[in-house]
Structure formats: C-alpha cells, structure tokens
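These notes concern the structure reproduced below.
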Amino acid sequence: MTTTPSLTSCIARIALVGDRSPHVKSHTRIPLLLDALAARDGLVLDAYWIPTARASAEAAAGALAGFDAVWVLPGSPYASEAGALAAIRVAREEGIPFLGTCGGFQHAVLEYARGVCGLAGAAHAENDPGAEDPLIAPLACSLVGHEGLVRAEPGSLAESALGAERSVERYHCDYGPAPRHLPALTERGLRLSGHDEDGQVRMAELPGHPFFLATLFQPELAGDGTRPHPVVKALATAAVAHAARRADGVAGRRAATLSASRSAG
C-alpha cells in the first residue's frame with residue numbers, strides 16, 4: 001500500500017534562472033521570501049540559482065526537467081537570451097510550474113512567439129536594438145519605480161494566483177510586448193490575463209499547463225519580503241504539489257516492482 005505525501009511534507013526543488021546580483025533588489029529578496037514561505041506557509045523550496053549562461057546546457061542535459069518549478073527572475077538584459085529561453089521552453093513543454101517576472105515575463109512571451117507561433121524572427125529590443133519590428137519593445141512610458149492597478153480576467157490563473165480581481169503592483173521595467181503582435185500569440189493559445197487601467201498587458205498564462213504564469217510587475221518587491229506576495233505563494237504551492245506527485249509516482253513504481261518481485265518468487 002502506498003500513501004500520497006502531504007504538501008507540507010514535501011520539499012520542492014526550484015530553479016531560479018537569472019544572473020544573480022546584489023544590485024538587483026528582487027534577487028536580494030529571494031532568501032527572505034524562501035524563509036517566509038517555509039515559516040508562514042509550510043512550503044519548503046530547495047532553491048538553485050542557475051545563471052542564464054549555463055541554462056542552455058542544463059536544459060540540454062535534462063537537468064532542468066528534474067526541478068519542481070522554474071522561476072525566471074528580473075535582471076535583464078540577461079547574459080544569455082538563449083539560456084533564459086531554454087529554461088522557459090523546458091518548463092512549458094514538460095509541464096513544470098513556471099513563473100516569469102519582469103524580464104522573465106518578456107522572455108516567456110518571446111519564447112512562446114518563437115517556439116509555438118513559429119515567429120523565428122521575433123526579437124527583444126533590449127537584446128537586439130537594431131530589430132526593425134521587435135516583439136518586445138520599449139514601453140511608451142517607463143515603469144521603473146512605478147506602481148499601478150492590475151485587473152485580472154475572471155476565472156483566470158492570474159486571478160486565482162493574485163487572490164483578487166484587482167491588485168496594485170510594483171514595476172521596474174522599460175520593455176513590454178508590442179500590442180500589434182499580440183493577436184498572433186492569442187491565436188495560438190496564450191492567454192493575456194492581466195491588464196493595467198489602459199488595457200496594456202501585464203500578465204500572461206498558458207491554459208492547460210499545470211501552472212504557467214508571467215507578470216510584467218515584480219511580486220518580489222511587495223512589502224518587506226517577510227510576507228510573500230500571493231503570486232509567489234501560488235508558485236510555491238504548485239511546486240510542492242509537483243514534488244508530491246513526483247514522490248507519489250516514485251513510491252508507486254517501487255511498490256509495483258516489489259509486488260512483481262514477490263509474485264516471481
């Protein structure tokens with residue numbers, strides 16, 4: 001007989017993809033958030049930082065597929081655009097819980113355009129300033145240091161993760177998806193599930209995936225880091241659930257092997 005592990009008994013492995021820097025505030029918040037998730041919510045994450053320059057090799061070797069969540073963090077331009085995209089692709093294709101924040105949002109949209117929509121020439125203006133018609137383009141107004149209202153679509157993962165239909169969020173970015181390219185993404189299944197007061201996209205998700213969410217805002221910056229933002233908690237919950245399913249699968253295979261061995265004996 002096998003038993004399903006409880007969520008609070010599982011430790012989830014999470015890949016933090018980004019070029020870690022003490023000068024990026026969201027990066028310095030991560031240890032506080034991990035401690036708070038464990039202490040307040042019983043959600044224990046075993047975190048591994050993976051620089052973008054190493055992420056492509058980790059993806060090719062199958063190492064990223066062994067994680068219970070992938071979080072592509074702010075801090076663009078990344079040392080390796082290809083590495084960030086490789087990490088996102090693994091999470092998307094393998095059904096691994098995924099969160100992309102700020103630069104992670106931008107690259108999640110870029111990866112979807114290239115990997116699903118077939119837009120091989122889709123570009124990020126920060127990485128390719130000479131691109132004639134970039135998918136990720138400079139915002140009309142910079143959002144560095146900005147706070148603004150986000151409205152989540154009813155019934156969306158965005159609404160569920162936020163815990164509300166409306167929320168005031170903090171930003172630190174200068175780039176976002178060019179509106180003229182959005183129909184090509186939504187026609188192939190990407191859901192643009194959160195918008196600001198002017199209707200500009202601020203959240204995106206992938207229906208049918210266990211947990212795939214990207215936010216242009218930075219939930220890491222909410223409060224003082226001792227009370228994790230609901231989106232961060234939602235990712236942690238999805239990661240621990242993924243770890244529990246993985247553990248249950250391993251236990252089931254062991255039980256089946258033992259049963260077969262006894263039958264053979």
Just give me the residues in segment 184-211 being part of a helix (DSSP H, G or I) and surrounded by fewer than 22 Cβ atoms within 10 Å (Cβ to Cβ), in sequence order. Ala184, Thr186
Candidates Ala84, Ala79 - the one that is of a type in the set (Gly, Ala, Ser), modelled with pLDDT of 95 or more and part of a loop (DSSP other than H, G, I, E, B): Ala79
Identify all residues within segment 135-183 that are in a loop (DSSP other than H, G, I, E, B), more than 26 Å from Val24 (Cβ to Cβ) and of a type in the set (A, V, I, L, M); write none if there are none. Ala164
With the requirement that a residue be part of a helix (DSSP H, G or I) and without any contact (Cβ under 8 Å) to a residue 40 or more places away in the chain, what does segment 112-134 give you? Arg114, Gly115
When both residues are 6+ apart or on different chains and their Cβ atoms are under 8 Å apart, which pairs have a first residue that lies in segment 37-54 and is at negative phi, and a second that is buried (at least 16 other Cβ atoms within 10 Å of the Cβ) and among the aromatic types (Phe, Trp, Tyr)? Tyr48/Phe67; Thr52/Tyr78
Out of (1) within 19 Å of Ile96 (Cα to Cα); (2) modelled with pLDDT of 95 or more; (3) surrounded by fewer than 16 Cβ atoms within 10 Å (Cβ to Cβ), what's the single condition that is false for Thr28? (1)
Here the qualifying pairs (Cβ atoms under 6 Å; residues six or more apart or on different chains; first in segment 178-205 and free of Cβ contacts under 8 Å to residues at least 40 places away in the same chain; second surrounded by fewer than 17 Cβ atoms within 10 Å (Cβ to Cβ) and in a loop (DSSP other than H, G, I, E, B)) come out as Arg191/Pro207
Within segment 243-253, identify whether any single residue is within 16 Å of the chain's Cα centre (by Cα) and under 25 Å from Leu34 (Cβ atoms), and answer yes or no. no
Determine, yes or no, whether Thr237 is modelled with pLDDT of 95 or more, farther than 23 Å from Trp71 by Cβ and either under 20 Å from the mean Cα position of the chain (by Cα) or buried (at least 23 other Cβ atoms within 10 Å of the Cβ) (or both). no
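Residues are listed down the side, and each one gets a yes or a no for (1) within 29 Å of Lys233 (Cα to Cα); (2) surrounded by fewer than 24 Cβ atoms within 10 Å (Cβ to Cβ); (3) small (Gly, Ala, Ser):
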| residue | (1), (2), (3) |
| --- | --- |
| Ala53 | yes, yes, yes |
| Ala69 | yes, no, yes |
| Ser80 | yes, yes, yes |
| Gly118 | no, yes, yes |
| Gly130 | no, yes, yes |
| Asp133 | no, yes, no |
| Ala137 | no, yes, yes |
| Leu149 | yes, yes, no |
Say we look at segment 185-233 and pick out the residues that are in contact with a helix residue (DSSP H, G or I) (Cβ under 8 Å, 6 or more places away or on another chain) and β-branched (Val, Ile, Thr); which of these is modelled with the lowest pLDDT? Thr226
If we keep just the residues of segment 14-25 that are touching a residue at least 60 places away in the same chain (Cβ under 8 Å) and not in a strand (DSSP E or B), which is surrounded by the most Cβ atoms within 10 Å (Cβ to Cβ)? Gly18
In the set Leu143, Leu110, Leu99, Leu162, the lone residue that is within 21 Å of the chain's Cα centre (by Cα), farther than 22 Å from Leu206 by Cα and buried (at least 22 other Cβ atoms within 10 Å of the Cβ) is Leu143
Only one of Glu187, Glu205 is closer than 20 Å to Arg89 by Cα and in contact with a Ser or Thr (Cβ under 7 Å, 6 or more places away or on another chain). Can you tell me which? Glu205
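The values are calculated or read from the model by the stated rules, or taken from the named source; none is laboratory data. All figures in this text were calculated on a predicted structure; none of them were measured in a lab. Quick reminder, even Gly has a Cβ in these numbers, built from the backbone with ideal geometry, and neighbours come from all protein chains shown.
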